[in-house]
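Structure record follows, encoded as structure tokens.
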Amino acid sequence: MDEETRLIRAGQQAGPLAKTVGPPIQKGSTVLLPNAAALYDDDAFVTYGRKGLAAQEGLIDALSQLEGAAGTCLYPSGLAALTGAMLAVLKAGDEVLVADCVYNPTRRFCDQVLTRFGVAVRYFDPLQPPEALVGEASEKVRLIVLESPGSLTFEMQDLARIAELARARDILTLADNTWGAGYLFKPIAQGIDLSVQALTKYVGGHSDVFMGSVSARTEALARKLDDGVVHLGWAVAPEDAYQMLRGLRTLPTRLERQGASALKVAAWLKAQDEVAQVLFPALPGAPHHHLWKRDYRGACGLFSFVLKPGPARAVDALLDVLTLFGLGFSWGGFESLAIACDHQLRKRKHRRDYGGPVVRLHIGLEHPDDLIADLRIGLDAYRRACG
Ligand SMILES: *Cc1c(COP(=O)(O)O)cnc(C)c1O
């Protein structure tokens, strides 16, 4: 053969792979099939590289174990997982009930995409009792979208009770389980149908890779999700899947440390003159602590606190003087972050007065005493800016 041809065929896998601790990072769009019959064999597991390669399958298997699920699908981001799950189960004419404390891009998708396809969207107060929520749902309601604790303000919903009541009426339930990271909380064990995670946050753990997952309670729902992924054409890269699997190894250890540090920082904040209240269900005495205690095995590092009333420029002064907290929207990494929340809270339908400006913190793996010292400087700046 000519050298051109020899180069095309050189270096292809020679034999069995060495066994490493993690799965091989198999890169492939084309999958070579063993014979002509296999080309159109509907039962063949892998015919094309969008699905079925080693690192992605390894991650799917691990996430299904973590979530106690019948099956799991991967998506290129957490938001794609949320939108993918909704598109897989909703159709024109359906109505969806959405907790008013959901992650803001979830709201944007519901308002700007689902409505365009003839799905009605209604937001409910996350503190509405489950009996009223499900009892008042119209015949058209097909899905309830939950997030507990909620984004930014951390309201807890009784997911077990909502799931039980919804199932009796043939309504599906979906929970954004990013805060619980599949480890602190198990939505499927509580009867929730679809558990969604932004793996970008705690599973990745290093703020450098995007991915999302949806885990299904039943085989039938898992097949629906799978079909949705095929129809929309999503795929995730093997390197990214490998990195998520690597993150999973240390997930419990990081969560334990970050949750303990967050509790220490939260308890300190609660005792400061400038702070009106702390919104962190893991903190004894905080709103919804009883539900957290009933359902969760621990806390992560994400919570908010409410300042005594002051102008927005004073909140900016607090944030700008911090040196250990980065200002950024994500969380779940090894580093501490802070954002002001009031701008996003204004988009809610059921607005609540928290008694002052809301600031969200993500507590990383730094020493908590250093974080507390940084926050003390921030609160001094807030006090000065309030005059
Ligand atoms: C970040 C986040 C998402 C979206 O994840 P991406 O990977 O950034 O798209 C979804 N839900 C919650 C609660 C989040 O915090």
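The values are calculated or read from the model by the stated rules, or taken from the named source; none is laboratory data. Note that this is a predicted model, so its numbers are computed, not measured. In this analysis, Cβ positions are derived from the backbone assuming ideal geometry, glycine residues included, and neighbour counts consider all displayed protein chains. Protein only, heavy atoms only, side chains kept; ligands, DNA and RNA dropped before computing areas. Shrake-Rupley method; radii C 1.70, N 1.55, O 1.52, S 1.80 Å.
Before we move on, is Thr218 within 16 Å of the ligand (Cβ to nearest atom) and either open to solvent by 20 Å² or more (accessible area, probe 1.4 Å) or under 25 Å from His362 (Cβ atoms) (or both)?
No, not satisfied.
Can you say whether Asp125 is more than 17 Å from the chain's Cα centre (by Cα), away from the ligand (no atom under 16 Å from the Cβ), open to solvent by less than 20 Å² (accessible area, probe 1.4 Å) and of a type outside the set (A, V, I, L, M, F, W, C), as far as the supplied structure shows?
It is false that Asp125 is more than 17 Å from the chain's Cα centre (by Cα), away from the ligand (no atom under 16 Å from the Cβ), open to solvent by less than 20 Å² (accessible area, probe 1.4 Å) and of a type outside the set (A, V, I, L, M, F, W, C).
If I ask for residues that are surrounded by fewer than 10 Cβ atoms within 10 Å (Cβ to Cβ), modelled with pLDDT of 90 or more and out of contact with any strand residue (DSSP E or B) (no Cβ under 9 Å at 6 or more places or on another chain), which ones from segment 1-33 would you list?
Met1, Asp2, Glu3, Glu4, Thr5, Arg6, Lys19, Thr20, Val21, Leu32
How many residues does segment 143-176 hold that are over 16 Å from Cys101 (Cβ atoms) and surrounded by 19 or more Cβ atoms within 10 Å (Cβ to Cβ)?
Qualifying residue count for the region: 6.
Mind counting the residues in segment 162-212 that are assigned to a loop (DSSP other than H, G, I, E, B) and among the aliphatic types (A, V, I, L, M)?
Residues meeting the conditions: 8.
Please tell me if Ser336 is open to solvent by less than 10 Å² (accessible area, probe 1.4 Å) and not assigned by TED's automatic domain parsing to the domain that holds Asp100.
Working: open to solvent by less than 10 Å² (accessible area, probe 1.4 Å): yes; not assigned by TED's automatic domain parsing to the domain that holds Asp100: yes.
So Ser336 passes the test.
So which residues in segment 44-68 are open to solvent by 20 Å² or more (accessible area, probe 1.4 Å) and part of a loop (DSSP other than H, G, I, E, B), if there are any at all?
Ala44, Phe45, Val46, Thr47, Arg50, Lys51, Gly68
Anything in segment 69-80 that is crowded, with 20+ Cβ neighbours inside 10 Å, outside any helix (DSSP H, G or I) and within 13 Å of the chain's Cα centre (by Cα)? List them, or say none.
Scanning segment 69-80 gives Leu74, Tyr75.
Filter segment 96-119 for residues that are open to solvent by 40 Å² or more (accessible area, probe 1.4 Å) and in contact (Cβ under 8 Å) with a residue 40 or more places away in the chain and give the result.
If the condition is that a residue be open to solvent by 40 Å² or more (accessible area, probe 1.4 Å) and in contact (Cβ under 8 Å) with a residue 40 or more places away in the chain, then Tyr103 is the only one that fits.
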